[in-house]
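Read the structure below first, then the notes.
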Amino acid sequence: MTPGGPALRALFLAGMAAVALCLASTAGAQPPRRPRPLENIKTLKGWTGDEVRAEMRLMAEALGVKCDHCHVQGNFASDEKRPKHTARRMLALTMALNADNFPSHTPGEGQSKLGRVTCYTCHQGAQVPKQGAGPGAMAW
Ligand code: HEC
Ligand code: HEC
């Protein structure tokens, strides 16, 4: 055996081990996670998955709730929760309001695709919008 042989062999083995580790970790790697196609869209027809999800975040913020206010855990397509049904009616209401009154509004980057009037316009972070016109209302 030539001098330095064992050292070289050790180096070679260490290199092979590194390559093997590398291959193993690539083989086990998941492909980039692609969101599932939406299964139960009745109101936001024709919207892309990204558009629906962006609107969902705005809706939750507008009402001051989390996703699970309307959705059962782990199943966004389920219609089990009552607020989801109300939210569908509210989506239709909001879209009709915009189509009738603000048809030329074009949403900017990050703004609601629903239009000028959004859930936030009425709800302002609350589940039930303020009514106003109580005893303290302005006397005309
Ligand atoms: C105020 C109620 C409400 C809240 C809060 C809400 N959603 Fe939704 N979500 C809905 C409604 C209503 C639909 C169905 C829309 C339709 O039929 O066009 C829906 C649909 C979805 C879908 C499509 C499911 C499918 O496969 O059909 C996803 C995904 C989703 N929501 C995610 C979220 C996420 C994430 C959050 C929190 C950031 C959230 N939602 C918060 C009411 C809500
Ligand atoms: C034009 C004003 C207006 C807009 C826009 C609006 N809402 Fe509402 N929403 C109301 C009013 C008013 C109520 C309370 C109705 C009542 O007292 O029964 C309500 C009630 C609700 C409720 C039931 C609250 C509860 O606990 O009883 C949900 C859920 C809701 N809205 C979701 C939404 C979502 C989601 C959007 C946007 C897609 C939206 N709303 C847009 C006016 C609005």
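The values are calculated or read from the model by the stated rules, or taken from the named source; none is laboratory data. If you're wondering where the values come from, they're calculated on a predicted model, not measured in any experiment. Here Cβ is always computed from backbone atoms with ideal geometry, including for glycine, and neighbour counts include all displayed protein chains. In case anyone asks, the SASA skips ligands and DNA or RNA and just uses the protein heavy atoms, side chains included. Shrake-Rupley method; radii C 1.70, N 1.55, O 1.52, S 1.80 Å.
Considering only the stretch 67-82, state which residues are surrounded by 15 or more Cβ atoms within 10 Å (Cβ to Cβ) and in a helix (DSSP H, G or I).
The one that is surrounded by 15 or more Cβ atoms within 10 Å (Cβ to Cβ) and in a helix (DSSP H, G or I): HIS69.
What's the number of the only condition in (1) free of Cβ contacts under 8 Å to residues at least 60 places away in the same chain; (2) open to solvent by 30 Å² or more (accessible area, probe 1.4 Å) that ALA87 fails to meet?
(2)
Within the stretch 56-64, is there a residue that is closer than 18 Å to CYS122 by Cα, outside any helix (DSSP H, G or I) and within 12 Å of ligand 2 (Cβ to nearest atom)? Explain how you work it out, then say what you get.
To start, the set of residues in the stretch 56-64 that are closer than 18 Å to CYS122 by Cα comprises 56-64.
This time we only want the ones that are outside any helix (DSSP H, G or I), so: 64.
After this cut, where a residue has to be within 12 Å of ligand 2 (Cβ to nearest atom) as well, the list is 64.
Within the stretch 56-64, one or more residues are closer than 18 Å to CYS122 by Cα, outside any helix (DSSP H, G or I) and within 12 Å of ligand 2 (Cβ to nearest atom).
Quick check on GLN30: is it within 16 Å of ligand 2 (Cβ to nearest atom), exposed (fewer than 14 other Cβ atoms within 10 Å of the Cβ) and not basic (Lys, Arg)?
no
Return yes when ARG53 is of a type in the set (Lys, Arg), more than 19 Å from PRO129 (Cα to Cα) and open to solvent by 50 Å² or more (accessible area, probe 1.4 Å) and no when it is not.
Considered against the rule, which asks whether it is of a type in the set (Lys, Arg), more than 19 Å from PRO129 (Cα to Cα) and open to solvent by 50 Å² or more (accessible area, probe 1.4 Å), ARG53 comes out as yes.
I need the full set of residues from the stretch 103-124 which are surrounded by 12 or more Cβ atoms within 10 Å (Cβ to Cβ), in a loop (DSSP other than H, G, I, E, B) and not polar (S, T, N, Q), in order please. Break it down into steps so the answer makes sense when it comes.
Step one: list which residues in the stretch 103-124 are surrounded by 12 or more Cβ atoms within 10 Å (Cβ to Cβ), which gives 105, 107, 111-124.
With the extra rule that they be in a loop (DSSP other than H, G, I, E, B), the set shrinks to 105, 107, 111-118, 124.
HIS105, PRO107, LYS113, LEU114, GLY115, ARG116, VAL117 - these are the residues of the stretch 103-124 that are surrounded by 12 or more Cβ atoms within 10 Å (Cβ to Cβ), in a loop (DSSP other than H, G, I, E, B) and not polar (S, T, N, Q).
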